[in-house]
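**Q** Sharing a structure here in structure tokens format.
The values are calculated or read from the model by the stated rules, or taken from the named source; none is laboratory data. Note that the structure is a prediction, hence the values are computed from the model and not measured. Using ideal geometry, Cβ is built from the backbone for each residue, glycine included, and neighbour counts are taken over all protein chains shown.
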Amino acid sequence: MQARKSAEDIENIAAAWLARCEFDGLSQKEQSELDAWLCEAWQHRTAFWRLKAVWTETDRFAAMRRPEREELPAKPRRSTLLSPLRIATAALAVCVLATGGLFAGLRNSEQTISTALGGRQVVELGSGSHAELNTSTVLRVASDDRKAWLDTGEAYFQIKHDAQHPFVVSVAGYRVVDLGTKFVILNQSGRVKIVLLEGRARVEPVSDPAHATTLSPGDVAIATADALSITKEDPQRIAKALGWRHGVLIFEHTSLAEVMAQFNRYNAEKLVIADTDTAKLTVDGTFPVNGVSQFATAAKAVFGVHVERRGNEFVISR
């Protein structure tokens, strides 16, 4: 196996590139060098865009609107000067990501990999494949790196196809068989959602493999104990739903009820919507996954709602 740079080395290089982009700008030659570095490995791209999301957090805080408003949210103005807070935030992100074990290589034995509430982890599966685990996820991987079980939570898989040894994920009575694929599986409360981003994948009930379904890019499979249904999803909407891979939640005309559900997946601090009218307000924008208190403050300012802190809850009402 070829020697790999440590996660800390990759994060430091990504931070250095990001600082050059933000402070000085890049010449054409430097931009080409950055592009080449990003193309070398998915770890490079993950590190760079994760830090980019944190760095620009203060510039990207959302534009939100009431249902009756039709005007597009104004684009945030980008400051030409970086505040000490933003510099410190980026530096802290490097420290956290470098020491937090973002990348986990699997030993040659079956392993269980889990993430805590609000956690994320990237797991190398060998042969150029990897999985990215979202918040509160439990994934078991066999010793041959070609079989996995998603017990709960959400994971993004990027799999290098091997016709002789297909990669198989078992989840809630179904098997997802890679046919050269990028896909996401969400296993939540007895309901499984499988989204195919690239390539093909076969979904088959464990109890009846003959009734398998082959997915194409953009297909979304919803599986329960009793049924399997397939719909098409807009590629841009799929991409926005994967904002968690970069530490952000991206909303587009999203009800406050759904915004609450998404934030509550990631945080011990919870949003609570007290009435149905408030729950119907719609939100557009990009937010850090851990930005519950910031979101509550912004909702109060934009919507004119009442926000009350009760322990670890932010109760939002008219």
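**Q** Of all residues in segment 171-189, which are over 15 Å from Ser129 (Cα atoms) and over 21 Å from the mean Cα position of the chain (by Cα)?
**A** Matches in segment 171-189: Ala172, Gly173, Tyr174, Arg175.
**Q** Is one or more of the residues making up segment 197-204 under 19 Å from Thr152 (Cβ atoms), charged (D, E, K, R) and in contact with a strand residue (DSSP E or B) (Cβ under 9 Å, 6 or more places away or on another chain)?
**A** no
**Q** Also: Can you say whether Arg175 is surrounded by fewer than 20 Cβ atoms within 10 Å (Cβ to Cβ), without any contact (Cβ under 8 Å) to a residue 40 or more places away in the chain and within 26 Å of Arg265 (Cα to Cα), as far as the supplied structure shows?
**A** yes
For every residue, the table says whether it meets (1) small (Gly, Ala, Ser); (2) under 26 Å from Asp178 (Cβ atoms); (3) assigned to a strand (DSSP E or B).
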{"position": "Pro217", "(1), (2), (3)": "no, yes, no"}
{"position": "Ala239", "(1), (2), (3)": "yes, yes, no"}
{"position": "Phe251", "(1), (2), (3)": "no, no, yes"}
{"position": "Thr254", "(1), (2), (3)": "no, no, yes"}
{"position": "Glu258", "(1), (2), (3)": "no, no, no"}
{"position": "Phe263", "(1), (2), (3)": "no, no, no"}
{"position": "Thr278", "(1), (2), (3)": "no, no, no"}
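**Q** Residue under question is Phe263, and the condition is that it be surrounded by 12 or more Cβ atoms within 10 Å (Cβ to Cβ), under 17 Å from the mean Cα position of the chain (by Cα), of a type in the set (Phe, Trp, Tyr) and at pLDDT 95 or above; does it hold?
**A** The answer is yes for Phe263.
**Q** Report whether or not Arg245 is in a helix (DSSP H, G or I), touching an Asp or Glu at 6+ places or on another chain (Cβ under 7 Å) and closer than 25 Å to Thr137 by Cα.
**A** yes
**Q** Additional query: Can you go through Ala298, Ala261 and tell me which one is of a type in the set (Gly, Ala, Ser), within 20 Å of Arg245 (Cα to Cα) and out of contact with any helix residue (DSSP H, G or I) (no Cβ under 9 Å at 6 or more places or on another chain)?
**A** Only one candidate passes the filter, namely Ala261.
**Q** Kindly establish whether Glu252 is over 15 Å from the mean Cα position of the chain (by Cα), within 23 Å of Trp49 (Cα to Cα), surrounded by fewer than 17 Cβ atoms within 10 Å (Cβ to Cβ) and without any contact (Cβ under 8 Å) to a residue 60 or more places away in the chain.
**A** yes
**Q** Could you please find all residues in segment 296-318 being assigned to a helix (DSSP H, G or I) and either surrounded by 12 or more Cβ atoms within 10 Å (Cβ to Cβ) or under 27 Å from the mean Cα position of the chain (by Cα) (or both)?
**A** Ala296, Thr297, Ala298, Ala299, Lys300, Val302, Phe303
**Q** Now, a different point. From the list Ile222, Ile238, which one is modelled with pLDDT of 95 or more and at negative phi?
**A** From the options Ile222, Ile238, the qualifying one is Ile222.
**Q** Within segment 155-204, take every residue that is hydroxyl-bearing (Ser, Thr, Tyr) and within 13 Å of Leu215 (Cβ to Cβ) and give me the one that is modelled with the lowest pLDDT.
**A** Thr181
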